[in-house]
Structure formats: C-alpha cells, structure tokens
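Novice: Below you will find the structure I want to go over with you.
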Amino acid sequence: MRIWNSEHTFNHNWETVVTAAWRKYPNPHNPSVIGLDVLDRSVDEEGRLKSHRLMSTSWGIPHWVAKVIGIHETCFASEHSTVDPRTKTFTLKSRNVTLANVLRVDEHLVYTQHPTDPTKTLLRQEAVISVSGLPWCSKLEQMVTDAMSTNASKGRQAMEHVIEKLKKEARDFSIEAQKCMDTVLPKTL
C-alpha cells in the first residue's frame, strides 16, 4: 500500500474554485476523462449538496492489452461528493471500479476556503493505492503513485483553464447584458 498526499492553494475564492471543479471535465489537460454521469443528487436537511457520479475514462490501453487483462478500453470510477456552503467545504471521495479486484485507488479531495485569506482556496488531496494478487505489487503501486503526482499537476492546470473559461463567460455575458440595456433604455426614456 502507498499513500500519496498533496496540498495546493488556488488564488481564487472558494465559490469560483468549486464551480470550476463541477465543470472540470472535459478539458484539454485531462483528455482521458471521457464522461461524467450523475447517478444520484440531493440536498440534505443541513443544506449540503450530495452527489454520486460515475466517471468514464480511456487510459489509452491498446485493444489487445485490454483483451489480455480482461477489461474494456473504457474504465470507470465512482465518486461521492458533498458541497457544504455553510462551512465552505467541498469533499470528493472516489474509487476505481475497473480492476478493483487487483488495483484499488481511493482518492480523497477537500476544497476549503483558505484559513487566513478568504480570496484563496486550499485543496488537500490524498490517495491510497493498493495492488494485490499480482507480481511486483510494490513496483506497480509506485508506478500508480508517480502517475497520481503527474495527474494532480494536470488537474490543477485544468482547474485554472476552467476558471479562465468561467471568467470569459462572465465577461461575455456582461457585455451582452450591457448591449441589451443600451438598446432597451433609450426606447423607454
């Protein structure tokens, strides 16, 4: 078993980062994620949004390799999340479904408002990687752990990409709204 940890501070407020996290896929930095389906979503009695989603990924495994190891080319992971606007905490817990009998990756992400600067957001990530029933378990766990580090960096780049996209959408919306006001107001005066 290997445990991987990471911490990152986004220079954006919590609301912006959480919005970007919901709209993270698809993006050019993580092309392996090909689908995200909501299986269940509800708001509990404390006002927290709880979701269960299924993530579809394409690891780029050659067709013949997928056949040899007995999996489909599309792989799946289950994600449970909770957004708590009162405490400004967004928690995601995911586990792979594909190959779970030999490789298990339990990932836990927590986005919180930065404790000393409300204009920033703190992301804490942890993954527990376990390989069993295969030769070279320790080596395989290390390979997956190394991939987690690389993918975490790509994930942060993806978040920044989505945040810029959100800002552009807001600017475009503001410009269009102003154009509408400019054409409506002179007619009403």
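Novice: Of the residues in region 1-31, how many are open to solvent by 50 Å² or more (accessible area, probe 1.4 Å), part of a loop (DSSP other than H, G, I, E, B), out of contact with any Pro (no Cβ under 8 Å at 6 or more places or on another chain) and not aromatic (Phe, Trp, Tyr)?
Specialist: Matching residues across region 1-31 total 7.
Novice: Being free of Cβ contacts under 8 Å to residues at least 24 places away in the same chain, closer than 22 Å to Lys154 by Cβ and part of a strand (DSSP E or B) narrows it down to one residue among Val38, Val105, Val110; which is it?
Specialist: Val110
Novice: Could you please find all residues in region 98-117 being in contact with a strand residue (DSSP E or B) (Cβ under 6 Å, 6 or more places away or on another chain) and modelled with pLDDT of 95 or more?
Specialist: Scanning region 98-117 gives Asp106, Glu107, His108, Leu109, Val110, Tyr111, Thr112, His114.
Novice: So, of the residues in region 67-96 that are modelled with pLDDT of 95 or more and open to solvent by 80 Å² or more (accessible area, probe 1.4 Å), which turns out to be farthest from the chain's Cα centre (by Cα)?
Specialist: Arg86
Novice: Follow-up. I'd like to know if region 143-160 contains one or more residues that are open to solvent by less than 80 Å² (accessible area, probe 1.4 Å), touching a residue at least 12 places away in the same chain (Cβ under 8 Å) and in contact with a helix residue (DSSP H, G or I) (Cβ under 7 Å, 6 or more places away or on another chain).
Specialist: Yes, there is a match, as at least one residue in region 143-160 is open to solvent by less than 80 Å² (accessible area, probe 1.4 Å), touching a residue at least 12 places away in the same chain (Cβ under 8 Å) and in contact with a helix residue (DSSP H, G or I) (Cβ under 7 Å, 6 or more places away or on another chain).
The values are calculated or read from the model by the stated rules, or taken from the named source; none is laboratory data. All of these numbers come straight from a predicted model, not from anything done at the bench. FYI the Cβ positions are ideal-geometry reconstructions off the backbone, even for glycines, and counts take in every protein chain you see. Note: accessible area is taken over every heavy atom of the protein model, side chains too, but ligands, DNA and RNA are not part of it. Shrake-Rupley method; radii C 1.70, N 1.55, O 1.52, S 1.80 Å.
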